[in-house]
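Structure, as structure tokens:
Every number in this text was worked out from the coordinates using simple rules, so none of it is lab data. These numbers come from a predicted model, not from an experiment. Methodologically, a virtual Cβ is constructed for each residue, glycine included, from the backbone with ideal geometry; neighbour enumeration extends over all protein chains shown.
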Amino acid sequence: MKFNKIYILFIGASILSTSCKDVLEAPSQSSLDEQVIYTTPVLAEGAYTGIVRCMGEVNFRARYIPYYGANTDTELASNLDGDNSKDNVNISNYNTKTSNSYFASSNGSSIWESPYTGIERANIAIAAIKKYNNLTTNKEMAHLLGEILTIRAVYYSDLIKAFGDIPARFEPLNSSTINVPRSDKDVIYKQLLADLKEAEEYLAWPNENAKTRSVERVSKAFAKALRARIALYAGGYSQRMDGTVRLSSDPDLSSDKMYQIAKDECLDIIQQKSNKLLGFEEVFRTLLKENTTAGLESMWEVPYSTSRGRVTINLGVAHTTQDQYYTASKNNVTLLANPTMLYEYEKEDVRKDVTLVPYSWENGKQILSTNYNKIYFGKFRAEWMTRPIGNGNDDGMNWIYMRYSDVLLMAAEAINELEGPTGPNDAQKYFRAVRERAYPNNPEKVNAYMDQITSGPDKFRTAIRHERALEFTGEMLRKADLIRWNLLSDRITTSSQKLEQLKNKQGIYADLPTNVYYKYKADGISLDYYGFNIGDTDSYGAANYTNSAKMTMNTDYWTFIAARNPDLQQYWPVPQFIINNSNGTLTNGGVSYEQ
């Protein structure tokens, strides 16, 4: 039984002091005392579930996950060639208005409000668990505290990625703290790094106790990996409240110190051997089979029941009619692959055909996409699920928040910055593990590539940045990576140029075949296609395939990635309705936003 399907009988009224309306109603504070809740494991578990459930709010699962990372060199919004004034386009075009309806609040649920509801519930639980328990002797409550500290860090990390500087709330609300101004994100980062260090002391490794047997529960490995990721964000570039893009001026968050944290945390995870790489395709088949066993590649997943979650619906392959995988009429894909990624992967890289799918489904058959505007993410394809997706807007699929390959690449990056690629801790071997998985039948190619990129830290740094694109396309990590590397504007400019060249068959795309070619396999349903690799030829395609088509691209598709320089708006604005209700405490600072 998936964790989030547990029926919560009791959640303290204090936990429900803010919204998140789909959590069950609870007894009043007078009938169920806070001390009883947070000293009784089964009741405290209910509080924990209430904290996590805010990730299931519609405006979070259907707005934050698919839209936060849209429009980079790897992922593009599905409505990219639409009217920039429309809210579903404007939310991703780096000129987002404060009045965008996708920020709208419904019963206290929005991209801004749902995480803060989770944070407030976490604050209440953290304070009470510390107040009423001896954490040295009560290991069960200590472990729960570690989980809650980590989930609160997830909420804060996601809010910072979306909005930049935000209000810092680490204590339960009272009458004097209802409205507080935005804090410098550095203050929050320092608190999160301290919180996660504390959480590590309470948590067990994957499969070390009953709770950590599932990736739907927090383990020490995930807390350490999250701390490494947050350290890289804190030590990297970002837009500040005055509008400038720069590194932190806080000496505690210097790049070297943050790389050291990332290095130490990742090496601890690697040396523990509590997680492992699977075959690349197996990672996503495991997800879609709803196998939540801990100790594999997935390190933590946002847990969704069948009435929550829009991973396959929003980020998967389009189904335009009912079929054996969709009993609903169709799905509305929100995010597409940047088609230039088709030619970033080498033909031998097994990640390509898992990640990128140039077809949709119609009447139970795969239909080749002959438009570059319709390249889908195969990582989340419904055809790999063990059950059909029913009517409604949700598919019940968990969202992978962290994979072990990320730990390996973070380790390689941090060690390279501190020691170079072949220093005492041998950064290259962690990169090599990911590369070897991608080229299982080409060890000579891997060896040659590793020799090429390990001659110095600059080449290795460039290779890591490219490898993260190849490894994580479709997983919404790219935008935050580009921001921390100070490459957001550069890569979007380059990507726009590549898209124009792709349409016109120029530059590296000049020798692509005139057509793409396809035929159906013996089952009469599945496509065999050719022509999506550099080096493919029309002569081979015509000789071996029965059908052909020309690839097209919507006019000026590339001009819609960003309405202006993305470094002018790396983050979403604080929504206008939040500002209006803040009693004058919240503004959007020195960043230019339209209402």
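Key figures for this structure:
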quantity: Mean separation of Cα contacts under 8 Å (6+ apart) over length of the chain, as relative contact order %; calculated: 19
quantity: Efficiency of FRET from Cβ geometry, THR546 and LYS190, R₀ 60 Å, rounded to 0.05; calculated: 0.45
quantity: At R0 = 51 Å, FRET efficiency that the Cβ-Cβ distance of GLU198 and ASN447 yields, to 0.05; calculated: 0.75
quantity: The range 452-492 versus the range 67-135: alpha-carbon centroid distance in Å; calculated: 25
quantity: Ordering of 520-530, 106-116, 285-295, 399-409 by burial proxy (mean other Cβ atoms within 10 Å per residue, highest first); calculated: 399-409, 106-116, 285-295, 520-530
quantity: Net charge, ILE508 excluded, C-beta distance under 15 Å - Lys, Arg +1, Asp, Glu -1; calculated: -2
quantity: Added length on full extension, which subtracts the Cα-Cα distance from 0.36 nm per residue, ASN371 to ASP256; calculated: 36.9 nm
quantity: Where labels lie 7 Å past Cα in the beta-carbon direction, separation of LYS429 and ASN107 in nm; calculated: 5.4
quantity: Separation in nanometres of the label points that stand 7 Å from Cα toward Cβ, at ILE508 and GLN576; calculated: 4.2
quantity: Simple label model, 7 Å out from Cα along Cβ direction - GLU419 to PHE170, nm; calculated: 3.1
quantity: Shape parameters for the chain, alpha-carbon atoms, Rg then Dmax in Å; calculated: 23.8, 79
quantity: Of LYS276/LYS498; LYS352/LYS550; LYS330/LYS505; LYS211/LYS374, those spanning more than 31 Å from alpha-carbon to alpha-carbon; calculated: LYS276/LYS498; LYS330/LYS505; LYS211/LYS374
quantity: Model label zone, ASN209; criterion: amide N under 19 Å from point 7 Å along Cα-to-beta-carbon; scope the range 239-282; calculated: 274-275
quantity: Packing rank of 449-459, 185-195, where each peptide gets the mean count of other beta carbons within 10 Å, highest leading; calculated: 185-195, 449-459
quantity: Cα shape, the range 334-456, gyration tensor, a/c 1.5 rule; calculated: prolate
quantity: Relative contact order for the range 3-275, counting Cα pairs under 8 Å that sit 6 or more residues apart, in percent; calculated: 15
quantity: Shape of the range 3-275, Cα gyration tensor, a/c cut at 1.5; calculated: oblate
quantity: Contact order normalised by residue count of the range 135-200, Cα under 8 Å, 6+ apart, percent; calculated: 42
quantity: Theoretical FRET efficiency, 1/(1+(r/R0)^6), r = Cβ-Cβ of ARG465 and ASP353, R0 22 Å, to 0.05; calculated: 0.45
quantity: Net length gained if the chain between ILE525 and LYS86 were fully extended (0.36 nm per residue, minus Cα distance); calculated: 154.4 nm
quantity: Net charge dipole size for the chain [Lys, Arg +1 and Asp, Glu -1 on Cβ; Debye, nearest 20]; calculated: 520
quantity: Per-peptide average of other Cβ atoms within 10 Å, ordering 318-324, 432-438 highest first; calculated: 432-438, 318-324
quantity: Summed residue charge, Cβ within 11 Å of ASN393's Cβ, Lys/Arg positive, Asp/Glu negative; calculated: +1
quantity: Gyration tensor verdict on the range 266-347 (Cα atoms; rounded if a/c is under 1.5, prolate if a/b is larger than b/c, oblate otherwise); calculated: oblate
quantity: Candidate lysines - alpha carbon under 20 Å from LYS459, same-chain residues fewer than 8 apart omitted; calculated: LYS263, LYS429, LYS445
quantity: Net charge over other residues, Cβ less than 13 angstrom from the Cβ of TYR116 (K, R count +1; D, E count -1); calculated: 0
